[in-house]
Amino acid sequence: MPGIDFDRQVFVPAAADQAPRPLSRILIPLVLVVVIGLIGLIGYKLYLGFSGGVASANSQGIEQMQQQLTDMETRLDQLEKHRKAAVSQPVASAKIPASPIAEPPAPKRTAYKVSAASVLQAQRTPVSAAISVAAPAPQASGASSATNAVNEAVVANHEAWQATTDRLADVVGVVGSQQSELSRTRDDVNKLLAQTRRTAMQFELRRGASREPVGPVSLLLRSSDPKNQRYTVCVYLADQCIELKNRAVDEVVVFVVSDNSAPLELVATKVLRDQIVGYLEVPSSKPTP
């Protein structure tokens, strides 16, 4: 209409201020999702690194002990070789001065009482022989000290090898105990699976009929109320009756046949006049792997 003017500048800033709001509402959830994803990825990597580090540490420890055993066996072989060589050398050196020992009978042949010179010569000869016989004594003592050193080294290496063997025995014992615990846990899990694995056996009971065998028990219908969807059943264990009184349709009734047996479940799906239809769940006899 003529004569009415509108100030268009008033409406322009309002539209400009409202434009970024939808963008900010979208960006904030996206940023939160990205941050949560990064935190989950870091936690997963840390978990993988920790589990891998424990397994690698165990394998490295066993490899180090095996390497130590190999090194010690090599050192024992080398020490045995040195010991045999050291024992054989004193025996050879003791045989060399054996020739002077056979010469002392010679002075007896020349032991004439002619002059004092011959007597002195006869007395000097045993002294030289004694010196020649006693000369190898330092070599024998040196060989014995070397043998003692080799024996001490062998004993020390044997003790170290025995300590390493004890450590390996401890590790094997720990592994064996863990394996027994795993086997026990697996048996418990198999028992739980056997209890949860069930087979449904259908039944149809009529009032006034004889007992109907269903699985390990026999069932007998006592009464049925189709108006209120209620029923009463007698469960026979041999000649003993367990009465399940005033039960509803689709109600799971759990009972036990004996102290060591798994529980049974009875469910009635239809309640008619003088008749009920349902099933009995019994543990499956399928062998566990």
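Considering amide H positions built from the backbone, and no H for Pro or chain starts, which residues 5 or more places from D274, or on another chain, come under 5 Å of its amide H?
For D274, whose amide H was placed from the backbone, the distant partners under 5 Å are S224.
Among A238, V189, S144, flag the residue with its Cα farthest along the positive direction of the charge dipole of region 143-283, charges on Cβ as +1 for Lys/Arg and -1 for Asp/Glu.
A238
Could you pull out every residue, at least 5 positions away or on a different chain, whose amide H is within less than 5 Å of the one on V257? Hs are placed 1.01 Å off N in the peptide plane, and Pro or chain starts have none.
When sequence neighbours closer than 5 places are left aside, the close amide H contacts are L264.
Which three extents, in angstrom, do the Cα atoms of region 207-289 have along their principal axes, listed largest first?
Reported extents, whole Å, longest axis first: 47, 26, 18.
Could you tell me how many cubic angstrom of Cα convex hull volume region 217-261 has per residue?
Looking at region 217-261, the number lands at 72 Å³ per residue.
Bear in mind that the values in this text are calculations on the coordinates, not laboratory data. None of the values given here were measured: they were computed from a predicted structure. No Cβ is skipped: glycine too gets one built from the backbone with ideal geometry, and neighbour counts run over all protein chains shown.
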